[in-house]
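The values are calculated or read from the model by the stated rules, or taken from the named source; none is laboratory data. Just so you know, these numbers come straight off a predicted model, no measurement behind them. Cβ: placed from backbone, ideal geometry, glycine included. Neighbour counts: every protein chain shown. Heads up: the accessible areas ignore ligands, DNA and RNA and are worked out on the full protein's heavy atoms, side chains in. Shrake-Rupley method; radii C 1.70, N 1.55, O 1.52, S 1.80 Å.
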Amino acid sequence: GSDYRMIDAEGAYLLPGLIDMHVHVFDRKYLALSLAYGVTSVRNMSGYPIHLRWKRELSEGQWLGSNLAIGSPVMNGRENSNPMAHKVASDPDEAREMVREYHAQGWDFVKIYTGVSRPVYEAIVDEAGKLDFPVAGHVPYAVVQSDYNLAAPMMTLEHTEEIFQGPLAHAYDEDAVAAIARQLKEMNATVTPTLMIFDHLTQICRDKQAFVDTLPLQYLNPLMRFIEARTSGARWLNADDNTRDAMEKRNTYFQAITRVLHENDVNLVLGSDAGVIFAIPGMSTHDEIALLQEAGLPNEAILEMATINAARVLRVDDRLGSIEAGKIADLVMTRSNPIEDPDALRSPSAVVKNGQWLGPAELLALKD
């Protein structure tokens, strides 16, 4: 019929659009940029009211960007709460009320942080369970200390770093890592390793401003660049040699932990933590893929993490995550085989977003 446009792809390779399960969208342009890199869906991990509006505008087709799954405002305890980003929940009844409110407002899941107490955590999980409302984030330290199995209801556990700081209690111990991996498998947990952001911080500690100067910072929201340059950015740029050495040791270890999780068949999804501390949206997703390769994961497993695994966890695998009749056409096309060389995905020859063809000129326009 006349509704279709035939494309001769001349032997190119077609993949489902990539899904980055851990990003921070501080500017709607980040979603255009992610899309230009073949990342057709992202999961935003700290909610502000603007995200509800962006999600609505995207669904109405007002502008072009990656699909946006949105976590609620971050629920945390008082201890290490960030006044700009976190909502304090210190009472179980108050926490239940917040969960009901977030559900009614239209967030896709509840985001929790390390400072939540065990009674508050149990209230959040219970209330969210009644509403079939997923919970994701950092396993609260109080929960780790009492019983790590309590994290089983969570949709995803974020950061390999949190396994190190949580159940491993900062120990470098291969047997303990294997035991925790087996436990996570039994819990049927899904982990988002986010190797990229830690590697990124390690490079800032090691090479300081010289590394930052290599980054295309013009892609970042100017206000966030300003704030971060004076806060977390400054912290890592001014790191001393001891901090740098500790970071390098941890960075290598986090890759090893991730490999052990994979070897124990723990469900993994790909997340980069793009959007924070000078991590560029879209590009960071591909940096994460490269680091997972470096960690020793097979290419096929990595691409599954970034497609069908993620779609299943987000409960959108009926319409995204694989190339099948009846699913939405969110696709990425490359000249060479991405299973042999995932780096080919860094410069897609085309991206299809919900059936809309974006060739080289359109992809360049999105980046610009």
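Structure notes:
- Within region 1-27, the set of residues being touching a Leu at 6+ places or on another chain (Cβ under 9 Å), under 20 Å from Lys111 (Cβ atoms) and part of a loop (DSSP other than H, G, I, E, B) comprises Val25, Phe26, Asp27.
- Residue that is most open to solvent (accessible area, probe 1.4 Å) [pool: residues in region 131-146 that are among the aliphatic types (A, V, I, L, M) and touching a helix residue (DSSP H, G or I) at 6+ places or on another chain (Cβ under 7 Å)]: Leu131
- Filter result for the condition that a residue is farther than 23 Å from Val23 by Cβ and surrounded by 15 or more Cβ atoms within 10 Å (Cβ to Cβ), over Ala89, Ala128, Ala171: Ala89
- Qualifying residues in region 92-125 (those that are of a type in the set (D, E, K, R) and either closer than 21 Å to Tyr141 by Cβ or at pLDDT below 95 (or both)) - the one surrounded by the fewest Cβ atoms within 10 Å (Cβ to Cβ): Glu94
- Leading residue by the ranking (most open to solvent (accessible area, probe 1.4 Å)) among those in region 147-168 that are at negative phi and part of a loop (DSSP other than H, G, I, E, B): Pro153
- For region 244-280, filtered to residues that are in contact with a strand residue (DSSP E or B) (Cβ under 7 Å, 6 or more places away or on another chain) and in a helix (DSSP H, G or I), the residue that is nearest to Ile308 (Cα to Cα) is His262.
- Residue pairs meeting the criteria (Cβ under 7 Å; at least 6 apart or on separate chains; first under 10 Å from Arg28 (Cα atoms), in region 44-65; second of a type in the set (D, E, K, R) and surrounded by fewer than 16 Cβ atoms within 10 Å (Cβ to Cβ)): Trp63/Glu57
- Residue in region 286-304 that is free of Cβ contacts under 8 Å to residues at least 12 places away in the same chain, under 30 Å from Met154 (Cα atoms) and among the charged types (D, E, K, R) present: yes
- Matching entry among Asn309, Asn354 (being open to solvent by 10 Å² or more (accessible area, probe 1.4 Å), among the polar types (S, T, N, Q) and free of Cβ contacts under 8 Å to residues at least 40 places away in the same chain): Asn354
- Filter pass, Glu294 being buried (at least 20 other Cβ atoms within 10 Å of the Cβ) and of a type in the set (Asp, Glu): no
- Residue within region 320-332 that is surrounded by fewer than 21 Cβ atoms within 10 Å (Cβ to Cβ) and closer than 26 Å to Gly137 by Cα present: yes
- Among (1) within 17 Å of the chain's Cα centre (by Cα); (2) on the phi < 0 side of the Ramachandran plot - the single one Gly38 does not satisfy: (2)
- Residue within region 243-262 that is within 23 Å of Lys111 (Cα to Cα) and either open to solvent by 20 Å² or more (accessible area, probe 1.4 Å) or out of contact with any helix residue (DSSP H, G or I) (no Cβ under 8 Å at 6 or more places or on another chain) (or both) present: no
- Some residue of region 281-291 being in a loop (DSSP other than H, G, I, E, B) and open to solvent by less than 50 Å² (accessible area, probe 1.4 Å): yes
- Pro73 being without any contact (Cβ under 8 Å) to a residue 60 or more places away in the chain, open to solvent by 40 Å² or more (accessible area, probe 1.4 Å) and not polar (S, T, N, Q): no
- Of all residues making up region 228-242, the number that are in contact with a helix residue (DSSP H, G or I) (Cβ under 6 Å, 6 or more places away or on another chain) and in a helix (DSSP H, G or I): 2
- Filtered residues of region 224-254 (kept if touching a residue at least 12 places away in the same chain (Cβ under 8 Å) and of a type outside the set (D, E, K, R)): Met224, Ser232, Gly233, Trp236, Leu237, Ala239, Thr243, Met247, Asn251, Tyr253, Phe254
- Among the candidates Ser46, Ser41, Ser34, residue that is under 15 Å from Gly275 (Cα atoms), at pLDDT below 95 and buried (at least 23 other Cβ atoms within 10 Å of the Cβ): Ser46
- Summed over region 174-227, residues that are part of a loop (DSSP other than H, G, I, E, B) and either open to solvent by 40 Å² or more (accessible area, probe 1.4 Å) or closer than 21 Å to Leu261 by Cα (or both) total 7.
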